[in-house]
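Notes follow the structure.
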Amino acid sequence: MSKPITILAIESSCDETSASVCKDGEILSNIIATQKVHEQYGGVVPELASRAHIQNIVPTVDAALKTANCQLSTINAIAFTQSPGLIGSLLVGSQFAKSLSLSLDVPLIAVHHMQAHVLANLIGEKKPSFPFLCLTVSGGHTQIVLCESPLKMKVIGETMDDAAGEAFDKSAKLLGLPYPGGPLIDKYAQAGNPNRFAFPEPQIPNLDFSFSGVKTAILYFLQKNVTDNPDFIQQNLAYICASIQHRIVTILLNKLKKASDQTGIKDICIAGGVSANSGLRKSFSDMGSRYNWNVFIPKFEYCTDNAAMIAITAYYKYLAEDFVSLSVSASARAEWG
Ligand code: KG4
Ligand code: ZN
């Protein structure tokens with residue numbers, strides 16, 4: 001019997017410090033330390049994020065090893081998020097990973113955060129078949145990815161301005177809701193009629209997206225109505241949230257349908273923080289039934305930033321012997337696909 005492949009993975013690209021242990025492609029632990037410090041500032045403050053990562057990283061890695069019932073001495077490789085992200089945040093995880101790799105004398109694996117969001121769909125029993133499409137929607141990205149194999153992917157559509165998560169968060173800010181507003185819009189939307197207010201759908205060619213026009217339409221809509229009635233937002237919060245969510249979700253899913261029609265691919269996944277949105281999850285599943293798609297949605301804890309998705313990506317990189325040297329650097333931006 002061949003020796004098991006046990007990987008310790010670290011994610012620190014933004015405001016979650018996370019560590020995960022994966023054995024032969026099975027996730028044994030996924031510990032996430034969420035940084036609450038940013039709430040009061042209405043967005044992630046990079047310097048504070050780096051400081052919180054420094055505080056969180058040792059206890060988070062310890063907890064991941066303990067939960068997995070795993071000793072450091074049994075780890076075969078260390079993986080980390082190399083890019084993209086906040087450079088100070090990435091540096092904490094990457095330096096920690098390099099130190100562990102050096103001291104344990106095991107290979108180092110560099111992972112692209114967006115590729116990892118896509119491969120979160122390979123965690124667990126039910127997996128898509130290749131080739132599949134993935135709509136990756138996060139705070140910084142909105143992409144349609146054509147995935148030919150675990151390590152071969154191509155971005156076939158992406159946002160030209162704001163990301164879907166930004167559209168949620170900026171809309172929430174206009175409503176006076178705290179950061180991150182996406183989950184709050186989701187929560188309030190549950191009690192509202194999504195057709196109560198209509199926001200425009202942008203006419204963008206190909207498989208690309210745009211959310212800046214919707215954001216501006218929401219801004220003008222609120223300005224006008226609040227001038228007429230200062231309590232407008234409070235009185236209509238559920239309806240406004242449901243209508244905003246409905247528009248963002250239909251923009252995303254109409255493009256996904258177009259991508260499926262163009263490519264003929266019917267194994268379709270969603271990924272990234274916004275895939276935690278209940279409206280998106282439901283409409284996506286409904287579309288799957290309507291168009292005979294095989295739909296895949298990662299478990300909630302694998303949608304927002306987490307190290308399990310880094311670990312599963314690293315597992316495939318390990319099989320391909322795709323290792324990096326200690327001189328590799330973290331990078332705030334990295335083109336791919
Ligand atoms: O993937 P992620 O955790 O971090 C990035 O890589 O950006 O995504 C964070 C984004 C934020 O914009 C957050 O508001 C959004 O995901 N988000 C949601 C929900 N949960 C997280 N947006 C809408 N509904 C949700 N339930
Ligand atoms: Zn992310």
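None of 155, 145, 137, 106 is over 28 Å from residue 34 (Cα atoms), within 16 Å of ligand 1 (Cβ to nearest atom) and touching a Leu at 6+ places or on another chain (Cβ under 9 Å) except 155. Taking the stretch 190-309 as the region of interest, the helices (runs of 4 or more DSSP H) fully inside it that hold 3 or more residues being more than 16 Å from ligand 1 (Cβ to nearest atom) and crowded, with 18+ Cβ neighbours inside 10 Å are 232-263.
Residue-by-condition table, conditions (1) of a type outside the set (S, T, N, Q); (2) more than 16 Å from ligand 2 (Cβ to nearest atom):
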| residue | (1), (2) |
| --- | --- |
| 127 | yes, yes |
| 134 | yes, no |
| 148 | yes, yes |
| 154 | yes, yes |
| 161 | yes, yes |
| 177 | yes, yes |
| 189 | yes, yes |
| 193 | no, yes |
| 197 | yes, yes |
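Within the stretch 139-162, the set of residues being touching a residue at least 60 places away in the same chain (Cβ under 8 Å) and either aliphatic (A, V, I, L, M) or closer than 15 Å to residue 249 by Cβ (or both) comprises 142, 144, 145, 146, 151, 153, 155, 156. When the test is whether a residue is touching a residue at least 12 places away in the same chain (Cβ under 8 Å) and either closer than 13 Å to residue 311 by Cα or part of a helix (DSSP H, G or I) (or both), residue 17 does not pass it. Among the residues making up the stretch 98-125, those that are more than 29 Å from residue 135 (Cβ to Cβ) and either touching a residue at least 12 places away in the same chain (Cβ under 8 Å) or part of a helix (DSSP H, G or I) (or both) are 98, 99, 100, 101, 102, 103, 104, 106, 107, 108. Only residues in the stretch 79-92 that are in a strand (DSSP E or B) count as the first member; pair them with residues that are modelled with pLDDT of 95 or more and of a type in the set (D, E, K, R), Cβ under 7 angstrom, at least 6 apart or cross-chain, and list the lot. These pairs meet every condition: 81/11. Going by what's in this entry, would residue 44 be described as at pLDDT 95 or above and either surrounded by 18 or more Cβ atoms within 10 Å (Cβ to Cβ) or within 16 Å of ligand 2 (Cβ to nearest atom) (or both)? Considered against the rule, which asks whether it is at pLDDT 95 or above and either surrounded by 18 or more Cβ atoms within 10 Å (Cβ to Cβ) or within 16 Å of ligand 2 (Cβ to nearest atom) (or both), residue 44 comes out as no.
Kindly establish whether residue 28 is surrounded by 14 or more Cβ atoms within 10 Å (Cβ to Cβ), among the hydrophobic types (A, V, I, L, M, F, W, C) and touching a strand residue (DSSP E or B) at 6+ places or on another chain (Cβ under 9 Å).
Here the answer is yes, as residue 28 does meet what is asked.
Set side by side, the residues 197, 168 differ, and just one is modelled with pLDDT of 95 or more and farther than 28 Å from residue 15 by Cα, which is 197.
Here is a check on your reading of the model: is residue 269 within 16 Å of ligand 2 (Cβ to nearest atom) and not basic (Lys, Arg)?
Yes; evaluated as a whole, the condition is true for this residue.
Counting just the residues of the stretch 310-331 that are more than 16 Å from ligand 1 (Cβ to nearest atom), hydrophobic (A, V, I, L, M, F, W, C) and at pLDDT below 95, which one comes out farthest from residue 85 (Cα to Cα)? Applying the filter and picking the extreme gives 326. Quick one: would you say residue 232 is of a type in the set (Phe, Trp, Tyr) and closer than 30 Å to residue 120 by Cβ? Here the answer is no, as residue 232 does not meet what is asked.
The values are calculated or read from the model by the stated rules, or taken from the named source; none is laboratory data. No experiment lies behind these values; they were computed from the predicted model shown. A quick note on method: Cβ atoms are made from the backbone with ideal geometry, for glycine too, and the neighbour counts reach across all protein chains shown.
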